[in-house]
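Heads up: the structure comes next, in structure tokens.
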Amino acid sequence: MISVNIVCIGKLKEDFYRAAVAEYAKRLSRFCKFNVTELAEGKNLEEEGKNILKRLKGSVVALCVEGDKMSSESFAAYVRSLCDRGESVTFVIGSSEGLAPSVKSAARVRLSFSDMTFPHQLMRVVLCEQIYRAFMINGGGEYHK
């Protein structure tokens, strides 16, 4: 069972975001070891980057606007390839200032969910949902239609 980690800047403030992430964490527990690490905002991107880099494990996926876009099926195939190799993955969500260049350089994949800008708290929920969807696609589940 692989580890799926999310390293992010800031805490979820709204109860409904926390509840959504907790629900996906529960659902994901049958497929992977799932962990979310919340880091405090730094004085600048460089400080945040140093804190993030200390917590990276396995294959690193940085969520950033200039990243590549994937369909849910392509994302599922990427997750399947990690599972097949027994390789853990860490997804990184930066602060409202973005991600430090050092974190982007450490990433194997730079991923963008859209050309639009989303609140970082909402992006965490969307990421959790897409990770869950990937496991359901790979398992032939009914969830993805």
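The values are calculated or read from the model by the stated rules, or taken from the named source; none is laboratory data. What you see is a predicted model, and the numbers here were worked out from it, not measured in a lab. Positions of Cβ are backbone-derived with ideal geometry, glycine not excepted, and every protein chain shown enters the neighbour counts. Surface accessibility is based on the protein's heavy atoms, side chains included, excluding ligands, DNA and RNA. Shrake-Rupley method; radii C 1.70, N 1.55, O 1.52, S 1.80 Å.
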message: If I filter the range 111-134 down to residues being open to solvent by 40 Å² or more (accessible area, probe 1.4 Å) and aromatic (Phe, Trp, Tyr), which single residue comes out as nearest to Thr90 (Cα to Cα)?
response: Phe113
- prompt: What tally of residues in the range 5-51 results from selecting those that are closer than 15 Å to Val125 by Cβ and either without any contact (Cβ under 8 Å) to a residue 60 or more places away in the chain or under 17 Å from the mean Cα position of the chain (by Cα) (or both)?
  reply: 22
- request: Considering each residue of the range 1-31, count those that are under 17 Å from Phe75 (Cβ atoms), outside any strand (DSSP E or B) and touching a Ser or Thr at 6+ places or on another chain (Cβ under 7 Å), and give that number.
  value: 1
statement: (1) within 17 Å of Leu45 (Cβ to Cβ); (2) at pLDDT 95 or above; (3) among the hydroxyl-bearing types (Ser, Thr, Tyr); (4) buried (at least 17 other Cβ atoms within 10 Å of the Cβ) all hold for Ser88 apart from (1)
- line: So, first residue open to solvent by less than 50 Å² (accessible area, probe 1.4 Å) in the range 52-76, second residue of a type in the set (S, T, N, Q) and assigned to a loop (DSSP other than H, G, I, E, B), Cβ within less than 8 Å, six or more apart or across chains; the pairs are Ser59/Ser88; Leu63/Ser112; Cys64/Ser112; Gly67/Ser112
message: Based on this model, can you work out whether Arg108 counts as of a type in the set (Lys, Arg), farther than 19 Å from Tyr132 by Cα and either over 12 Å from the mean Cα position of the chain (by Cα) or buried (at least 18 other Cβ atoms within 10 Å of the Cβ) (or both)?
response: yes
task: Go through the range 3-48 and give me each residue that's touching a strand residue (DSSP E or B) at 6+ places or on another chain (Cβ under 7 Å) and open to solvent by less than 20 Å² (accessible area, probe 1.4 Å).
output: Val4, Asn5, Ile6, Val7, Cys8, Ile9, Gly10, Val21, Leu28, Cys32, Leu39, Glu48
query: If you go through the range 92-105 one residue at a time, how many are open to solvent by 50 Å² or more (accessible area, probe 1.4 Å) and at pLDDT 95 or above?
result: 3
- prompt: Residues that are closer than 17 Å to Leu39 by Cα: which helices (runs of 4 or more DSSP H) entirely in the range 49-145 hold 1 or more of them?
  reply: 101-106, 120-138
